[in-house]
1. Answer yes or no as to whether Ile135 is touching a Lys or Arg at 6+ places or on another chain (Cβ under 8 Å), closer than 20 Å to Met16 by Cβ and crowded, with 17+ Cβ neighbours inside 10 Å.
2. Can you pull out the residues in the range 111-128 that are surrounded by fewer than 19 Cβ atoms within 10 Å (Cβ to Cβ) and touching a helix residue (DSSP H, G or I) at 6+ places or on another chain (Cβ under 6 Å)?
3. Here's a check for you: in the range 36-78, which residue that is aliphatic (A, V, I, L, M) and part of a loop (DSSP other than H, G, I, E, B) is nearest to Ser15 (Cα to Cα)?
4. Name the pairs: first residue in the range 28-39 and farther than 14 Å from Asp63 by Cα and in contact (Cβ under 8 Å) with a residue 40 or more places away in the chain, second residue of a type in the set (A, V, I, L, M) and assigned to a loop (DSSP other than H, G, I, E, B), Cβ to Cβ under 6 Å, at least 6 apart or on different chains?
5. Which residue is modelled with the highest pLDDT, if the candidates are limited to the range 20-70 and must be among the aromatic types (Phe, Trp, Tyr) and exposed (fewer than 15 other Cβ atoms within 10 Å of the Cβ)?
6. Quick one: in the range 54-88, which of the residues that are of a type in the set (D, E, K, R) and in contact with a strand residue (DSSP E or B) (Cβ under 7 Å, 6 or more places away or on another chain) is nearest to Val119 (Cα to Cα)?
7. Looking at (1) in a helix (DSSP H, G or I); (2) loosely packed, with under 14 Cβ neighbours inside 10 Å, which is the only condition Ala81 fails?
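The values are calculated or read from the model by the stated rules, or taken from the named source; none is laboratory data. Owing to the predicted nature of the structure, the values given are computational and were not obtained by experimental measurement. A quick note on method: Cβ atoms are made from the backbone with ideal geometry, for glycine too, and the neighbour counts reach across all protein chains shown.
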Amino acid sequence: MQKKLKILMIDDHPSMIEGYKIILSYNNLGLEIETTAAYNCEVAYKIITNKFNKIYFDLVFLDYSLPPYEEKNIKSGQDLAKLIKIHLPNTKIVMLTSHTESILLYDIISKIEPNGLLVKSDFSAEELLSAFDKIMEGEIYHSITVKHNLKEMFSQKKILDQQNRKIISLLVQGIKTKNLPSYLNISMSAIEKRKVNIRCYFNLEKGSDEDIIREAKKSGLV
């Protein structure tokens with residue numbers, strides 16, 4: 001008797017989950033699919049962390065943007081993915097998002113290392129099935145927007161290095177530019193040069209710290 005493939009689907013749109021279920025039922029590997037659905041972070045959290053009735057999942061389909069679970073400080077699918085890594089370490093993670101911002105996609109890959117990352121506008125039913133096949137066979141799958149935006153981002157890697165990201169983070173925390181050298185151990189002139197690169201990345205010819213913060217938030221960096 002063939003083993004069923006158990007999939008946890010986490011998305012705040014029930015119609016999306018139903019669509020994924022229907023598409024995956026036609027998978028080319030001939031796998032029988034058994035799904036469990038969660039429509040927000042609270043329900044997903046309780047499923048993932050349930051110690052007394054642990055359900056094993058082969059795969060999780062996880063939307064990035066979800067209604068938060070404030071009590072446990074779970075604000076997004078990325079926070080849930082970190083829990084999956086801890087509580088369900090053998091489960092493959094496929095993250096889906098409507099976001100296309102390079103920095104956000106990079107953060108997902110660098111912090112979560114999902115088995116698949118797909119921008120929702122990229123894929124048809126056929127491509128979702130192709131991605132599913134490759135992921136189940138052990139490959140890492142990135143949809144076309146992910147590949148394109150990461151390639152573009154890496155071409156500007158100096159703008160996104162650790163120091164520049166730290167500068168943005170400190171500005172968001174309310175640290176004034178004049179006080180940044182004491183946090184970063186680099187000179188004010190070096191900081192100003194880095195801020196020029198940061199503004200360039202956000203397409204700001206000029207701009208205050210508030211403009212950088214606003215663009216960083218819009219891009220999903222913070």
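1. yes
2. Those that are surrounded by fewer than 19 Cβ atoms within 10 Å (Cβ to Cβ) and touching a helix residue (DSSP H, G or I) at 6+ places or on another chain (Cβ under 6 Å): Asp122, Ala125.
3. Leu66
4. none
5. So, considering only residues that are among the aromatic types (Phe, Trp, Tyr) and exposed (fewer than 15 other Cβ atoms within 10 Å of the Cβ), the one modelled with the highest pLDDT is Tyr26.
6. Asp63
7. With respect to (1) in a helix (DSSP H, G or I); (2) loosely packed, with under 14 Cβ neighbours inside 10 Å, Ala81 is out only on (2).
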